[in-house]
1. May I ask you to rank Ser438, Ser287, Ser200 by accessible area, largest first, using a 1.4 Å probe over the protein chains only?
2. Quick one: grab the alpha carbon gyration tensor of the chain, order the square roots of its eigenvalues as a ≥ b ≥ c, and give me rounded if a/c is under 1.5, else prolate or oblate depending on whether a/b is larger than b/c.
3. In whole Å, what is the distance between the alpha-carbon centres of the range 161-234 and the range 72-94?
4. Ala92 to Ala397: extension gain in nm, 0.36 nm per residue of separation minus the Cα-Cα distance?
5. Within the chain, how many Lys pairs sit with Cα atoms under 16 Å apart, leaving out pairs fewer than 8 places apart on the same chain?
6. Out of the total accessible area of the chain (probe 1.4 Å, heavy atoms of protein only), what percent is carbon and sulfur?
7. Would you check the accessible area of His274, probe 1.4 Å, heavy atoms only, in square angstrom rounded to 10?
8. For Leu131, enumerate residues with amide H under 5 Å from its amide H, sequence gap 5+ or separate chain, H modeled in the peptide plane.
Amino acid sequence: MSQRQVIIVGGGPVGVALALDLGLRGVSSVVVESRADLGNIPKGQGLTQRTLEHFYVWGLDEELRAARLMPRGYPIGEITAYGNLMSPYWQAPAGREVVSDFFFQKPERLPQYRMEAVLRRKLATLPNVELRLGVTATALAQSDNGVTAAVIDERGESQTLEADYLVGCDGGHSMVREAAGISRSGTDFDQVMVLIVFRSRELHEKLKRFPERSTYRVMHPDLHGYWKFFGRVDVGEGFFFHAPVPAQASRSNFDFSGPLFDAAGFPFTFEVEHAGFWDLRNAVAESYRNGRIFIAGDAAHSHPPYGGYGLNNGLEDAVNLSWKLAAHYAGWGGARLLDTYSPERAPIFRDVAEDFIAARIRDDDAFLRRYNPSRDRAEFEAAWKARDSDVGSRRKAYEPNYAASPIVCGPPGGKTTAHGVHSLKARAGHHLSPQILSQGRNAFEALGRNFTLLALDGDADAFERAARERRVPLKIVRDSAGAARENYGAALILVRPDQHVAWAGDMATDAEAIMQKVIGQ
Ligand SMILES: Cc1cc2nc3c(=O)[nH]c(=O)nc-3n(C[C@H](O)[C@H](O)[C@H](O)COP(=O)(O)OP(=O)(O)OC[C@H]3O[C@@H](n4cnc5c(N)ncnc54)[C@H](O)[C@@H]3O)c2cc1C
């Protein structure tokens, strides 16, 4: 038997990040992970500004950036080409930089296994977290008092772990989700994809026809909106590639050079490091919780790797759940706080899956059916040019927020959604924008690990009293910064432990009620 507060099944990036955030907040956990090593498939490489904010909070932003394989400053964005990479029709659309003003950190790009190594190194320094590698969870049970997980290690030795809560971070085929009886829904594209990790200096040389970029997306009328997609792993030789392939494709019968050469538009020498197949599917869990069991990351939402949403959203799941569990253990989290994890996170990925991933596949398909340079060159060229700004507007429209959450105090009629408009203004349920305070420091540098009240000329006393009464750890940052106050549009901003705004206003006339609500009492 092992008695920790939380059992985490799955020590991929999301499970380890959750254990780390919980551990830093004083909550103990045991993480069981089937794999003994990290492998070498680059997978989730595109890390958003928001994800880098998490690494900043964990004190790992420098270490993460130092772990990158690409040279510092190498552009992260994308080339989109029509037909193949030698096509006369290509664009270098705006990338995540279009929303940079709204985040404290810049995005980063590195192979997922290198990012996981950074997380694991930090985890090893925490005495209240145990990472058990080569250990697989095989069965779970929950009662009113706690959870148990049956696990087996690589030598075949079994054990039963006990804890108060269990979180399934065990990927798309999650046994935790199954065992907890949580159903999924979403679009099954009925399409098999190949993933090839390879090395080719020749491809690197040919890509010099483009401005420097990290990913190369090929659109083709035959692909029904799916992509052929090259991504750099390093600069010089390392790449990954994914593309739709026929349903019967397998490692033994598949000629990898076919889709690679078609997408590139020329043959080239390459050396395969890894190849695998998977089914393209959006599958989002109906709920992220059943009793004492939660799910997070790919266990809660599987999807094609179109747009770099998976890992980034998985880390946001972890951060959202972690502060609530920690508040619960510390005694100041209200009875309803843990209930808000699922209603805050589940609608976001439902929108991502259907409106950002599936809709993009459908839009591309419609475009490619409608416009074709061999049918009407002038019409195609005009439409192709008009698409240029389209990618940037999609990035801008992705603004996940919890406006309908029961623990934020915003105007009535708010909706918890991945759609929104980025703004410097402090709005309840939305991510806080980074503003410079009077001493030249950024508001993000001033935030505490729990709730923070930014008091920019406003009177903080009522909140201070309300927090003290409920034993809510509240850091008060008093500042007279004029520009920040103006940009936030409020004198008082109550910021949650996950850097989302809980409430914003000029007068704290109802601080008692606000404080009660934001902690789920
Ligand atoms: C080609 C490709 C490119 C991608 N690009 C991006 C990108 O640019 N940006 C982005 O955000 N995302 C990207 N993704 C998605 C990203 O890789 C995933 O979203 C991410 O790995 C999810 O992390 P996770 O920890 O939830 O799940 P996983 O990484 O799947 O980890 C789950 C872990 O649980 C373990 N496990 C499973 N069952 C058990 C059990 N019963 N007991 C113990 N352990 C168990 C597994 O061994 C595994 O290590 C990409 C994916 C692919 C394939």
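The values are calculated or read from the model by the stated rules, or taken from the named source; none is laboratory data. Just so we're clear, the structure is a prediction, and the values are computed from it rather than from any experiment. We place every Cβ from the backbone using ideal geometry, glycine too, and count neighbours over all the protein chains shown. Note: accessible area is taken over every heavy atom of the protein model, side chains too, but ligands, DNA and RNA are not part of it. Shrake-Rupley method; radii C 1.70, N 1.55, O 1.52, S 1.80 Å.
1. Numbers: Ser438 65, Ser287 35, Ser200 5 Å².
Largest to smallest exposure gives the sequence Ser438, Ser287, Ser200.
2. Working: a/c = 1.93, a/b = 1.33, b/c = 1.45.
Verdict is oblate for the chain.
3. 19 Å
4. On the way: separation 305, 0.36 × 305 = 109.80 nm, distance 1.91 nm.
Working it through step by step, the gained length comes to 107.9 nm.
5. Lysine pairs satisfying the spacing and distance rule in the chain number 4.
6. Working: 9940 of 20440 Å².
Solvent-exposed carbon and sulfur of the chain make up 49 percent of the total.
7. About 50 Å², ignoring ligands and nucleic acids.
8. Val31
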